[in-house]
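Read the structure below first, then the notes.
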Amino acid sequence: MLLFFRLWVLSLILTGCSFAIDEPLKSSTHSKGGALAAVIANDASLSVVSGISQNVTVWDLTQNTAKYHWSHQGEGNNLVVSLAIAYDNSYVVTSDREAFGLWNLTTGDPDGFWRIDESNIRDIAVSNQGRGILVGRSNGKVMFFEPKTGRRLEFLGHQEKINSVDLSPNGFYALTGGNDYVAYLWDTRSGQVIYKFTHPSRVTMVALDPEGRYAFTADSQKLARIWDIQTGKEVSRLHYFERQKIFSSARFSKDGKQLLTGSPTRRIDLWDVATGEKLQEWRVAPREGPQPQGAVVYAVGFLNEHSLISESSSGLAEVWPLESNK
């Protein structure tokens, strides 16, 4: 019995098992019946949720009240599967697989809609004041578009389908990852590659630190890296023991010391940027149903030094305790 206990403890250590928090401090329904997509503003003051049974809703997270209700393409079923908020909370971009729209967060009105005929939209991003929109597509092309000037630049560095894109707040730098095992940091003014980050499998998630310090890239197997974008050198690799770990969201803390990630398996994890070590773990509520349901963590954000917030496919916004002094 003692030997069994020792082996059990050793197994927990080797597998990196930890006790995930699954009781939130607060839970609010933001989309009855679940959500197709969600995004949280960098300062966690707003979120935008694309509902399964309703249209797109902008939520004031400080008051937990609905600010706007949007219909992406008029009447009919809501098909918005990609969302992005500008770093300065000025604009939101919404997208289904065929078209994207730009919305003014001050007035709640749309500034325009644009259709992509060549291939499906895979992911989107938007810069401050809505000056630039980044569109990753299934044909491997990435388009940078300036709505006010009409300028378009197509980045052709990728050879296969794009999975994830991000844009610096000023719109000058794009981070894109695809099925060709590569993530590129490139200049949207010239289309020139700044750094090439390679992986052993398809790149499924990328994220930029809005303060211009780091980039996060993760693949479909078990390699997730944090890079110094001033030097192009690797800072750390996230330490986990799963044979396969997919990320569905990522957010750097304001001080750049921590990285918050979400996954399609209900998990939220907090990581130390310098070492890649996991600091804390949470599990969001699953979708309600007659059978056991999962949940995709679409968005995560730091509310303050004591708490964080998530939006998931369960349609819930959940607030979680964050240990200080980590």
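Just so you know, all these numbers are worked out from the coordinates, no wet-lab data involved. Fair warning: this is a prediction, and the values are worked out from it, not measured in the lab. We place every Cβ from the backbone using ideal geometry, glycine too, and count neighbours over all the protein chains shown.
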Cβ neighbours within 10 Å, averaged per peptide: list 161-173, 99-111 in order, most packed at the top.
161-173, 99-111
Return, ordered by residue number, the residues of segment 217-246 whose backbone nitrogen is under 19 Å from a label point located 7 Å along Cα→Cβ of E323.
238-241
Among I21, W70, Y214, flag the residue with its Cα farthest along the positive direction of the charge dipole of segment 19-321, charges on Cβ as +1 for Lys/Arg and -1 for Asp/Glu.
Y214
For all pairs of alpha-carbon atoms in the chain, what percent lies in each bin of width 20 Å, listed from the first bin to the last filled one?
33, 59, 8, 0
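Using a Förster distance of 35 Å, how high is the FRET efficiency between Y195 and E281, based on the Cβ-Cβ distance and rounded to 0.05?
Once the sixth-power term is evaluated, E becomes 0.70.
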Report the charge-dipole magnitude of segment 19-321 in Debye, nearest 20, computed about the Cα centre from +1 at each Lys and Arg Cβ and -1 at each Asp and Glu Cβ.
500
Arranged by the count of other C-beta atoms within 10 angstrom, fewest first, what order do M143, M205 take?
M143, M205
If the chain between T62 and K32 were fully extended at 0.36 nm per residue, the gain over the current Cα-Cα distance would be 8.8 nm
With angles folded into 0 to 90 degrees, how steeply does helix 2-15 sit against the dominant principal axis of the chain? Use alpha carbons for both and round to 10.
20
Only four residue types carry charge here, +1 at the Cβ of Lys and Arg and -1 at the Cβ of Asp and Glu. Report the dipole size of segment 105-191 about the Cα centre in Debye, rounded to the nearest 20.
140
Suppose each label sits 7 Å from its Cα in the direction of the beta carbon; what would the E211-S45 distance come out to in nanometres?
1.9
Pairs from K26/K233; K196/K245; K141/K233; K148/K233 whose Cα-Cα separation, in the structure shown, is over 32 Å
K26/K233; K148/K233
Extension gain E160-R97, at 0.36 nm per residue separation less the Cα-Cα distance, in nm?
21.0 nm
Candidate aspartates and glutamates for bridging to K222, where Cα separation is under 13 Å - those fewer than 8 sequence places away on the same chain excluded:
E242
What nm value, rounded to one decimal, do you get for the distance between E234 and D109 when each label is placed 7 Å out toward the C-beta?
5.1
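Taking only C-alpha pairs under 8 Å that are 6+ residues apart, what is the relative contact order of the chain in percent? Write down the numbers at each step before the final one.
Details: 904 pairs, mean separation 45.6, N = 326.
About 14 percent, as a whole number.
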